[in-house]
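One structure is given below, encoded as structure tokens.
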Amino acid sequence: MSASDPVADMLTKVRNAAMARHEKVDVPASKLKLEIVKIMKTEGYIKNFKKLQEDGKNTIRIFLKYDDDNNPVIHGVKKISTPGRRVYSGYKDLPRVYNGYGTIIVSTSSGVTTGKKASEKMVGGELVCTIW
């Protein structure tokens, strides 16, 4: 099953696995996906991740995180830019997700980062997705 938007495919797999209370989910690896998963780890949305190579294919195994009542930490994930409609923003106009409780991931000229860090560095870029 080949997707025209691999990042949206990864986010959908993570969202569906969290809703189904799975322990882990495997997604095909790419540099952008790996950076997004690293941000999800540092922001506390997932437990951990591991980059694997099976049968010559690189995959990322994402270990999902749940609270004490076995509710997923990830309440929602939304892709903003799509292959047919790219969305860009300057650092002054970066949107806030759930009044600061969520995270927006931005692809800037200095790498993939959160909206908060992009504002601090005063760089804008393409809005990839939001996580809350």
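Is at least one residue of segment 58-73 assigned to a helix (DSSP H, G or I), without any contact (Cβ under 8 Å) to a residue 60 or more places away in the chain and over 18 Å from residue 7 (Cβ atoms)? Within segment 58-73, none of the residues are assigned to a helix (DSSP H, G or I), without any contact (Cβ under 8 Å) to a residue 60 or more places away in the chain and over 18 Å from residue 7 (Cβ atoms).
Close contacts from segment 94-110, counting a first residue that is touching a residue at least 24 places away in the same chain (Cβ under 8 Å) and a second that is among the acidic types (Asp, Glu) and open to solvent by 70 Å² or more (accessible area, probe 1.4 Å), with Cβ to Cβ under 6 Å and a gap of 6+ residues or different chains, come to 103/43.
Residues that are surrounded by fewer than 19 Cβ atoms within 10 Å (Cβ to Cβ) and more than 23 Å from residue 104 (Cβ to Cβ) do occur in segment 38-51, at least one of them.
Pull out all pairs, ordered by first then second residue, where Cβ-Cβ is under 7 Å, the residues are six or more apart or on different chains, the first lies in segment 4-15 and is of a type in the set (Lys, Arg), and the second is part of a loop (DSSP other than H, G, I, E, B). Filtered contacts from segment 4-15: 15/74.
The sole residue among 29, 18, 8 that is of a type in the set (Gly, Ala, Ser), at pLDDT 95 or above, in contact with a strand residue (DSSP E or B) (Cβ under 7 Å, 6 or more places away or on another chain) and more than 22 Å from residue 102 (Cα to Cα) is 29.
The values are calculated or read from the model by the stated rules, or taken from the named source; none is laboratory data. Everything numeric here is computed off the predicted structure, so don't read it as measured data. Glycine also receives a Cβ, built like all others from the backbone with ideal geometry; neighbour counts cover every protein chain displayed. Side chains included, ligands, DNA and RNA excluded: accessible areas come from the protein's heavy atoms. Shrake-Rupley method; radii C 1.70, N 1.55, O 1.52, S 1.80 Å.
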